[in-house]
1. Say we look at segment 13-66 and pick out the residues that are among the aliphatic types (A, V, I, L, M) and farther than 15 Å from Ile96 by Cα; which of these is surrounded by the fewest Cβ atoms within 10 Å (Cβ to Cβ)?
2. Only one of (1) at pLDDT below 95; (2) buried (at least 17 other Cβ atoms within 10 Å of the Cβ); (3) among the β-branched types (Val, Ile, Thr) is not met by Val7, so which one is it?
3. Tell me which of these Val71 doesn't satisfy, since it passes every other one: (1) surrounded by 11 or more Cβ atoms within 10 Å (Cβ to Cβ); (2) touching a residue at least 60 places away in the same chain (Cβ under 8 Å); (3) touching a Gly at 6+ places or on another chain (Cβ under 9 Å).
4. Residues that are of a type in the set (Gly, Ala, Ser) and touching a strand residue (DSSP E or B) at 6+ places or on another chain (Cβ under 8 Å): list the strands (runs of 3 or more DSSP E) wholly contained in segment 39-98 that include at least 2 such residues.
Amino acid sequence: MMQIKSVGDLTAFSPEKATKNLFAKGEHCRVTLWCLESGQSIEPHIHAGDHFWSIQEGEGFYLDGEGEHKVSAGQMIFAPEGEPHGMRAVEKMTFISVSAG
């Protein structure tokens, strides 16, 4: 079923850990809004399916198997299936994640 929501409706932060807010789940993909406070991280991990991330707010470092890459609002990241991916926020940060597979 088609869904429409504003990013603001899904934005919710936690002082304890990065927050994953599911927007939609289909047969072949999942769309999530991640919310991280400054200093919070998603440790690099690997799983099936390609990943696309779109930074909506803030700055941080994208973590892959090779190191850290500075990212900020307006940038997009593509991680092919099987490659490590993670994020560390240096300020309050939100990004949209589209996971295929």
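The values are calculated or read from the model by the stated rules, or taken from the named source; none is laboratory data. Note that this is a predicted model, so its numbers are computed, not measured. All Cβ positions, glycine included, derive from the backbone under ideal geometry; neighbour counts span all protein chains shown.
1. Initially, segment 13-66 is screened for residues among the aliphatic types (A, V, I, L, M), giving 18, 22, 24, 31, 33, 36, 42, 46, 48, 55, 63.
Checking which are farther than 15 Å from Ile96 by Cα leaves us with 46, 48, 63.
Numbers: Ile46: 12, Ala48: 9, Leu63: 19.
Only one residue tops the list, namely Ala48.
2. Answer for Val7: the failing condition is (2).
3. Tallying (1) surrounded by 11 or more Cβ atoms within 10 Å (Cβ to Cβ); (2) touching a residue at least 60 places away in the same chain (Cβ under 8 Å); (3) touching a Gly at 6+ places or on another chain (Cβ under 9 Å), Val71 fails exactly one: (2).
4. Values: elements: 41-45, 51-57, 59-64, 67-72, 76-79, 85-89.
Counting at least 2 such residues, we get 85-89.
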